1. It is to be established whether one or more residues within region 223-244 are in contact with a strand residue (DSSP E or B) (Cβ under 8 Å, 6 or more places away or on another chain), in a loop (DSSP other than H, G, I, E, B) and β-branched (Val, Ile, Thr).
2. I need every pair where a residue in region 53-69 that is closer than 13 Å to Ala269 by Cα has its Cβ under 6 Å from the Cβ of a residue that is surrounded by 13 or more Cβ atoms within 10 Å (Cβ to Cβ) and among the polar types (S, T, N, Q), sequence separation at least 6 or different chains.
3. Give Arg64, Arg56, Arg126 a once-over and let me know the one that is within 24 Å of the chain's Cα centre (by Cα), of a type in the set (Lys, Arg) and modelled with pLDDT of 95 or more.
4. Cβ contacts < 6 Å: first residue within 11 Å of the ligand (Cβ to nearest atom), restricted to region 166-183; second residue of a type outside the set (Val, Ile, Thr), any location; separation 6+ or different chain. Result?
5. Just checking, does region 125-145 include any residue being of a type in the set (Gly, Ala, Ser), assigned by TED's automatic domain parsing to the domain that holds Gln26, surrounded by fewer than 22 Cβ atoms within 10 Å (Cβ to Cβ) and away from the ligand (no atom under 16 Å from the Cβ)?
6. Cβ-Cβ distance below 6 Å, separation of 6 or more or different chains: which pairs start in region 341-357 with a residue that is in contact (Cβ under 8 Å) with a residue 12 or more places away in the chain and end on one that is of a type in the set (A, V, I, L, M) and assigned to a loop (DSSP other than H, G, I, E, B)?
7. If a residue has to be more than 14 Å from the ligand (Cβ to nearest atom) and either basic (Lys, Arg) or free of Cβ contacts under 8 Å to residues at least 24 places away in the same chain (or both) to count, how many in region 197-208 make the cut?
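The values are calculated or read from the model by the stated rules, or taken from the named source; none is laboratory data. Since we're looking at a predicted model, the values are computed, not measured. Cβ sites come from the backbone with ideal geometry, for glycine too, and all protein chains shown count toward neighbours.
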Amino acid sequence: MTDKLRNRSAKRSPFSSYRAYVSRLQVLMNGTDQEAEWDERVVAALNGQASVELRRVAALTKRRKFGAYFTGTKLGELLLAKCASFDEHRTFYDPTCGMGDLLLAAAKTFPLERTLPETLIKWGSRLAGTDLHAEFIDGTKTRLVLLARQCHQTTNGLVGSPDKFFPHIRVADGLSEKTAFQRATSLLMNPPFGVVAAPNGCKWAGGRVSAAATFMTTALERVRPGTEVLAILPEVLRSGSFSEHWRDRISELAEVHIVEPYGVFDESADVDVFLIRLIRRTDGNATRKKRWPVPRKRRITTVANHFDVHVGRVVPHRDPETGPEYDYIHPRCVPTWTIMREFSETRRHEGCVYQPPFVVVRRTSRPGHPYRATATIIAGKQPVAVENHLIVCEPKKRTLKSCQELMRELKTEVVNEFLNARIRCRHLTVSAVEAIPFQPKTGPARRKP
Ligand SMILES: C[S@@+](CC[C@H](N)C(=O)[O-])C[C@H]1O[C@@H](n2cnc3c(N)ncnc32)[C@H](O)[C@@H]1O
């Protein structure tokens, strides 16, 4: 990119304040490694600093709007470890490459040539990337040179610009690309996660959809059969029931080889993600093997077979305090893993109340917490009004014993693992609680008359 063009785009760019950091990287790239702390500065530049600097100069609202969250070294390497092969004919394209973290993870697996320029020419022929923002594209190329210099342990800096080595890394809208998708043998993706309007004619969703979902289907529609796709995607696409049509579309387009929950993306983006590895199918492939894995059906019964599950009915700031007065429970007044018989609060309520015994489960439930479903048994003789941050499980057999069995089960690692695999967002749903495998020793529930 010429200086004139670069200045013009920098003026328009929402990330122009990031340019100063990219310029510092360019100075590092051109400098000699005799300079003080050159090695340490390169290690920092290649490991997480690009993200830290972006957070320092760009407001959260802006980063969110453009989905600018860069993949950390550990996560990038974990994704690349799922790649089938790095043989020299394989070419990698990241359609939304940001500061090139996934391309760096790929380049780390490439061999070195005899000289630094020869290595850069070879890497440039195997790596492609697009991003909307010129600062990120310049940063990607600079960091790739820094990596190559680090690997070669050359003392001298690169003279001039890295542009000539990386003709396929450029400013462009990934969604408008065609050639780059056709050229690649592997796609590396961590697309933006925001919500956008569904594309025209979209068959798997209407209205507003995840940008990541759109990027994935667009990419798969454009690549050649056999192309390997490795991606980091938001957890909701793996476990959300509303994403089922999207998962079906992915299974139509590709063989699904790996679907692996990961956890929180990083400390700056508090969103759960999963990793996926796909191989683009040949169009019209009739067999349709290797579809998105459906959770294996277990023979044992679930909570829904033995309990009626509801969300508590009191919405404190909405419901008027009129009607009969009841004992009243909400998460702050309910001690966990015990039987509650005494109630410190009451309130008037006109809607539905519950007759003990029953189990309440807190709706707030963080993945990775010691207990995903924290429970309390509510006992006593009088009906109780329950706030809507608690899930109520009423035993079909109406016995305290059933409640005790359920509470014991909810405390187990089996339930934690089940809920971690089933639902990664922070709130339990009625359907997730109903689906918890549960086989009471006290025998099957009596049928309702
Ligand atoms: C979540 S970041 C990931 C960057 C990189 N793939 C990584 O893993 O570190 C998403 C990137 O997509 C870029 N982006 C958003 N919409 C885009 C589009 N339509 N075309 C190309 N890049 C886009 C953003 O600027 C941002 O750098």
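1. Looking through region 223-244, at least one residue is in contact with a strand residue (DSSP E or B) (Cβ under 8 Å, 6 or more places away or on another chain), in a loop (DSSP other than H, G, I, E, B) and β-branched (Val, Ile, Thr).
2. Here the result reads Arg55/Ser268, each pair linking region 53-69 to a residue that is surrounded by 13 or more Cβ atoms within 10 Å (Cβ to Cβ) and among the polar types (S, T, N, Q).
3. Working: Arg64 fails: modelled with pLDDT of 95 or more; Arg126 fails: within 24 Å of the chain's Cα centre (by Cα).
Result: Arg56 is the single residue among Arg64, Arg56, Arg126 that is within 24 Å of the chain's Cα centre (by Cα), of a type in the set (Lys, Arg) and modelled with pLDDT of 95 or more.
4. Val171/Ala134; Gly174/Pro95; Ala180/Tyr93; Ala180/Ala128
5. First pass over region 125-145, keeping only residues of a type in the set (Gly, Ala, Ser): 125, 128-129, 134, 139.
If we keep only those that are assigned by TED's automatic domain parsing to the domain that holds Gln26 as well, we get 125, 128-129, 134, 139.
Remaining after also requiring surrounded by fewer than 22 Cβ atoms within 10 Å (Cβ to Cβ): 125.
From the residues that got through so far, the ones that are away from the ligand (no atom under 16 Å from the Cβ) too are 125.
Checked region 125-145: at least one residue is of a type in the set (Gly, Ala, Ser), assigned by TED's automatic domain parsing to the domain that holds Gln26, surrounded by fewer than 22 Cβ atoms within 10 Å (Cβ to Cβ) and away from the ligand (no atom under 16 Å from the Cβ).
6. Short answer, once both residue conditions are applied: Arg341/Ala379; Pro356/Ala379; Pro357/Ala379.
7. Residues of region 197-208 more than 14 Å from the ligand (Cβ to nearest atom): 198, 200-208.
With either basic (Lys, Arg) or free of Cβ contacts under 8 Å to residues at least 24 places away in the same chain (or both) added as a condition, the list becomes 198, 200-203, 206-208.
The number of residues fulfilling the criteria is 8.
This table checks each residue for (1) under 30 Å from Val256 (Cβ atoms); (2) part of a loop (DSSP other than H, G, I, E, B); (3) modelled with pLDDT of 95 or more.
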site: Arg6; (1), (2), (3): no, no, no
site: Ala10; (1), (2), (3): no, no, no
site: Tyr18; (1), (2), (3): no, no, yes
site: Glu40; (1), (2), (3): no, no, no
site: Ala45; (1), (2), (3): no, no, yes
site: Tyr69; (1), (2), (3): yes, yes, yes
site: Ser85; (1), (2), (3): yes, yes, no
